[in-house]
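Colleague: Quick one: this structure, given as structure tokens, is what I'll be asking you about.
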Amino acid sequence: MANLDAQVRESQEQVETAQAKIAELTGRIENARAKIKGGEDATLDIENATLDEVHAHTEVMNENIAELIMGLDDITAAFSRDFDEMRGKTGWESFVGIFSSAKSDSLRQDRIRTASIDDKLQDLISKSDVIVQLLESQLATLETHKSKVEANLGETLDEREATVGTLETLRADIQAMDPRIITLENQIANETDAAARTKLETELAGLNAEYNEMVRQEQVQLAKSQTLERYIEKGKTWVDSLTNQAATQMVLINKLQTDTKQRVVLYDALTKSLKTAQQQDVAHRINEIGVQTDQEAQSAMAGIGAATNTRMADMLEAHEEHMVFARDVLEAKAKADERFARRFAQIIEKHDKNLYGG
């Protein structure tokens, strides 16, 4: 995450550097154009305003942004690992489950409930928004300078057209002067009068000076036409490059915005679903325990009823033994009573008849 933050800052610096380079380039070209219009040689100034430097900075910036996007992909991949961990049990939870399934489920429930997936999702969204802002800032810069380069290209085309027209006029004038110069040279060669010859030579010198100036202007206009022609081709390439960069930029912006929008909905739903699933697992576990408890209670109640009936039957069945025992006791008692009565009768008889010792 710290590496991604550093890349964000680096890309912001690259954006500022590239914007400054493009602004400097535009200023140089505008200054060069002003010098051309003022009749000055602006070839060196234009050549110093190289497009390669700006292009190199733009490439570095785009590479950094590409790394940022890959960093987002790494964060997204980390989500998958987090979600997988939430779906399953950790090694410790599995180990605890060997001794207590309920404790293992409780540990997993606490871990999922306190999981920081929401924070990570917000961080992902934040990083996506930062990169989108960088891309939008860069896109605005590209569009601004694309318009400037297009306007500059249009002016360059118009200027070269005028320059070519001036060059063609100069060439026509130069060609028109050739017969006049040749005629004067022939007249001078054939003239024998010194005064007349001097006058002709003076006129020839003026024509030659005018001719040389036209040739110099032809060279200047030719160099200007060549310079403008080269920058017309460069301008076309630059406009095409800026158009391609802007198109790519818009694709990236749309992709990141779409990804962020989808991730906000889908990841949030997935997080809630995982936590809900865990709660449902707990609820099912509680329900299963309740059902098992109900079954045990039902079995216990049935056992109590059965045991009661068994004891009742045992008690009722034992009545027969009790009755037999009671009858045996009564019979034994009757026999004892009978023996007692006989013995008591003998005692009374001895008492009444005084038969002691007999």
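FYI, it's all coordinate maths here, none of it is from the lab. From a predicted model like this one, the values you see are computed outputs, not experimental measurements. Ideal geometry is used to build each Cβ from the backbone, glycine not excepted, and the neighbour counts take in all protein chains shown.
Colleague: What are the residues in the range 189-200 that are surrounded by fewer than 15 Cβ atoms within 10 Å (Cβ to Cβ), part of a helix (DSSP H, G or I) and either touching a residue at least 12 places away in the same chain (Cβ under 8 Å) or among the hydroxyl-bearing types (Ser, Thr, Tyr) (or both), if any?
Modeller: Thr198, the sole residue that qualifies.
Colleague: Restricting to the range 173-187, name every residue that is of a type outside the set (Val, Ile, Thr) and under 16 Å from Glu201 (Cα atoms).
Modeller: Matches in the range 173-187: Met177, Asp178, Pro179, Arg180, Leu184, Glu185, Asn186, Gln187.
Colleague: Quick one: is Ala223 free of Cβ contacts under 8 Å to residues at least 40 places away in the same chain and either out of contact with any Gly (no Cβ under 7 Å at 6 or more places or on another chain) or more than 30 Å from Asp158 (Cα to Cα) (or both)?
Modeller: In short, no.
Colleague: Look at the range 196-210 and say how many of its residues are closer than 15 Å to Asp173 by Cα and of a type in the set (S, T, N, Q).
Modeller: 1
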